[in-house]
1. Among (1) more than 9 Å from the chain's Cα centre (by Cα); (2) part of a strand (DSSP E or B), where does residue 72 come up short?
2. Those residues that are of a type in the set (A, V, I, L, M, F, W, C), out of contact with any Lys or Arg (no Cβ under 7 Å at 6 or more places or on another chain) and at pLDDT 95 or above, I need them from region 34-63; list them, please.
3. Provide a single number: the residues in region 3-57 that are within 14 Å of residue 71 (Cβ to Cβ), under 14 Å from the mean Cα position of the chain (by Cα) and in a loop (DSSP other than H, G, I, E, B).
4. Report, by residue number, each residue of region 31-54 that is of a type outside the set (Gly, Ala, Ser) and either touching an Asp or Glu at 6+ places or on another chain (Cβ under 6 Å) or farther than 14 Å from residue 19 by Cβ (or both).
5. Take region 30-65 and flag every residue that is of a type in the set (D, E, K, R) and either surrounded by 10 or more Cβ atoms within 10 Å (Cβ to Cβ) or in contact (Cβ under 8 Å) with a residue 24 or more places away in the chain (or both).
6. Please count how many residues of region 29-77 are under 17 Å from residue 2 (Cα atoms) and among the β-branched types (Val, Ile, Thr).
7. From the list 25, 32, pick out the single residue that is touching a Leu at 6+ places or on another chain (Cβ under 6 Å) and either over 18 Å from residue 60 (Cβ atoms) or among the small types (Gly, Ala, Ser) (or both).
Amino acid sequence: MQKTFNGKIISLKMNKTAVVKVTRRKPHPLYRKLMVKSSNYKVDTGNLELALGQNVKIAEIRPMSKEKFFKVLEVIK
């Protein structure tokens, strides 16, 4: 099963790689209040033209490098 997430591009400083911030709303284990958790993922951009702040859909792929396990599928409008 392939993991897919929606996130926001926060960095484009590397060649063919972007950093995407994925935020999730998860209830606290004991108190059940919704908490916001976020993770940063390094993703492969391929030949897409991306800009900072764009919302993108990313999917899990085979490892491309030490820290790069995701690829940008599409830009969400």
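The values are calculated or read from the model by the stated rules, or taken from the named source; none is laboratory data. Since the structure is predicted, the reported quantities are computational estimates derived from the model, not experimental observations. In this analysis, Cβ positions are derived from the backbone assuming ideal geometry, glycine residues included, and neighbour counts consider all displayed protein chains.
1. If we test residue 72 against (1) more than 9 Å from the chain's Cα centre (by Cα); (2) part of a strand (DSSP E or B), just (1) comes out false.
2. 50, 51, 52, 56
3. Qualifying residue count for the region: 3.
4. 31, 32, 33, 34, 35, 36, 37, 42, 47, 48, 49
5. 42, 44, 57, 60
6. Qualifying residue count for the region: 5.
7. From the options 25, 32, the qualifying one is 25.
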